[in-house]
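Single-structure report; data block below.
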Amino acid sequence: MAMASLGSGSKGNGTLIRTREALVLVDCGFTLKDTEARLARLGVHPSQLDAVLVTHEHGDHLSGVGPLARRHGIPVHLTVGTWLAGRAKKLGILPTRHLITPQLEFAIKDLEILPVTVPHDAREPVQFVFSRRGETTARRLGVLTDLGHVSEHVLQCFSDCDALVLEFNHDPQMLAKGPYPPSLKRRVGGRFGHLANAQACAALPYLGLARLQRLVASHLSEHNNHPSLAREALAPWLEGDDSRLIIAAQDSGFGWQAIA
């Protein structure tokens, strides 16, 4: 398997997952033109995509899904709750719609996909664990962003991944002093908002570091966090070796990363 990012943050998100047979995009929060340009930068034409998987209905994850799917005839997989909430956010008519059930695994070609319920302020949000069908030594790739706390259920589902895209959304001090209105600060820092750097780090021992080939610090807030703060928070857990660490950027995401 391999993964890459179109971009990550409050202005738009998109993560590519590739196997020998399958190529899927998790979320699309960019305009159609921008999405096509970002895909091209990673050597992908939209017609190559087997599916778009949607985690939830917030605009930075959903706004580009409908236009991309309609222009290129791409199937979209999402929960019933995300579909119902997304229609009001102009998801629109989809060429092919597959409704998925949290905790019920499904497959796209040789890619096994587990949608996992997460605590976030959306209608029926999920994040995903990926593995390859029929692999003797199964590799696990987790995409885990947009959650206000790491529940026991999340820990169980995302443990022992070989690669993990994990939310490092904000630094609490920056959030408190930042430009957001009080209501938004409470939402972001609440139990159904987004993970702070320290929260993400605290989860790592329970998620497991032994097998982790790649750790992506993702969904950093441009107003309430900085890559240096995420890196500093992670330093004790990486024991001075940050060769496994990637900081996902809003403008450029990150390039293809193989999971051996």
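The values are calculated or read from the model by the stated rules, or taken from the named source; none is laboratory data. Here the structure is a predicted model, which is why all the values come from computation and not from measurement. Quick reminder, even Gly has a Cβ in these numbers, built from the backbone with ideal geometry, and neighbours come from all protein chains shown. Note: accessible area is taken over every heavy atom of the protein model, side chains too, but ligands, DNA and RNA are not part of it. Shrake-Rupley method; radii C 1.70, N 1.55, O 1.52, S 1.80 Å.
A few notes on this one:
- Number of positions in region 60-91 that are in contact with a strand residue (DSSP E or B) (Cβ under 8 Å, 6 or more places away or on another chain), open to solvent by 20 Å² or more (accessible area, probe 1.4 Å), assigned to a helix (DSSP H, G or I) and not aromatic (Phe, Trp, Tyr): 1
- Some residue of region 195-203 being open to solvent by 60 Å² or more (accessible area, probe 1.4 Å) and in a loop (DSSP other than H, G, I, E, B): no
- For ALA258, the conditions (1) closer than 25 Å to PHE30 by Cα; (2) surrounded by 14 or more Cβ atoms within 10 Å (Cβ to Cβ) all hold with the exception of (2).
- Test set (1) touching a residue at least 40 places away in the same chain (Cβ under 8 Å); (2) among the small types (Gly, Ala, Ser); (3) open to solvent by 30 Å² or more (accessible area, probe 1.4 Å) - ALA107 fails condition number: (1)
- Listing of strands (runs of 3 or more DSSP E) fully contained in region 95-188 that carry 2 or more residues being in contact with a Lys or Arg (Cβ under 9 Å, 6 or more places away or on another chain): 111-117, 126-132, 163-167
- Pairs, first within 18 Å of SER218 (Cβ to Cβ) and modelled with pLDDT of 95 or more in region 184-202, second open to solvent by 20 Å² or more (accessible area, probe 1.4 Å) and charged (D, E, K, R), C-beta under 6 Å, six or more apart: GLY193/ARG187; ASN197/ASP171
Quick grid of which residues meet (1) open to solvent by less than 30 Å² (accessible area, probe 1.4 Å); (2) over 19 Å from ALA249 (Cβ atoms); (3) touching a strand residue (DSSP E or B) at 6+ places or on another chain (Cβ under 8 Å):
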{"residue": "ALA4", "(1), (2), (3)": "yes, no, yes"}
{"residue": "GLU21", "(1), (2), (3)": "no, yes, yes"}
{"residue": "GLY29", "(1), (2), (3)": "yes, no, yes"}
{"residue": "ALA40", "(1), (2), (3)": "no, no, no"}
{"residue": "VAL44", "(1), (2), (3)": "yes, no, yes"}
{"residue": "GLN48", "(1), (2), (3)": "no, yes, yes"}
{"residue": "HIS56", "(1), (2), (3)": "yes, yes, yes"}
{"residue": "ILE93", "(1), (2), (3)": "no, yes, no"}
{"residue": "HIS98", "(1), (2), (3)": "no, yes, yes"}
